[in-house]
Structure formats: structure tokens, C-alpha cells
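Since every read-out is calculated from the coordinates, none of them should be taken as a lab result. A quick note: this is a predicted structure, and the numbers were derived from the prediction, not measured. Please note: Cβ atoms are built from the backbone with ideal geometry, for glycine as well, and neighbour counts cover all protein chains shown.
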Amino acid sequence: MKFMKYTEALKSSSDCIKKLNAPLRANKAKKRAELKLAEIEEEIASIESELTELAAKDDLEFNKIIDGMNSRDLLARKKDQVAGLIEQLF
């Protein structure tokens, strides 16, 4: 019986482990992306709530309302991008 060199054995076992773990790593990455999407949705809901409160005040603060709308729109774009990435990558 002939043994392969130790460094080659380590390398081949490492490659096998990477191949076996690839689906697990991909699933983990997908779950992280889905979590990021949920965080963005939560931020959007929070900003929309703040905007509703600002719009209901007697003394309207237009700059704060506009800033909030800009933030909401930016997050909505980011949400669409993350959803697109999830769809394309997984």
C-alpha cells in the first residue's frame, strides 16, 4: 500500500469538505440576505409611521417630511435590489 503525501491528503480532504459544505454555506448566505430584506422592510415601516405622525401635526415640518420621504424611497430601492439579488443568486 502506498500513501499519498500528507500535504496532498490534507488538500484533497479540504476540497471534499468544501464541496460538502457548499450547499450549507449557500443556504446560510440566503438566510442572511432574507434577514437583511426583513430589516429593510422594518425600517421602511418605521419611517412610514414617522411620516404619518409628521403629517398629522398642526405645525407641518416640510423639511423633515421630505427627508423622511427620501429615506423611505432610498430604502425601497435598496429592498428591490436585495430582493433581485436573492432571486438571481439563489
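Annotations for the structure displayed:
- Globularity ratio of the chain, using Cα Rg and 2.2 N^0.38 Å: 1.97
- Total lysine pairs under 13 Å (Cα atoms) in the chain, excluding pairs fewer than 8 apart on one chain: 4
- Student exercise, the chain dipole from Lys, Arg, Asp, Glu Cβ charges, in Debye to nearest 20: 1440
- Angle between the chain longest axis and helix 6-55 axis [Cα atoms, degrees, rounded to 10]: 10
- Sparsely packed loop sites in the chain (the trypsin sites (Lys or Arg not before Pro) outside DSSP H, G, I, E and B with at most 12 other Cβ atoms within 10 Å) comprise K2, K5, K57.
- Comparing A33, S12, A22 along the charge dipole axis of region 1-54, the residue lying farthest to the positive side is S12, per the Cβ-charge model.
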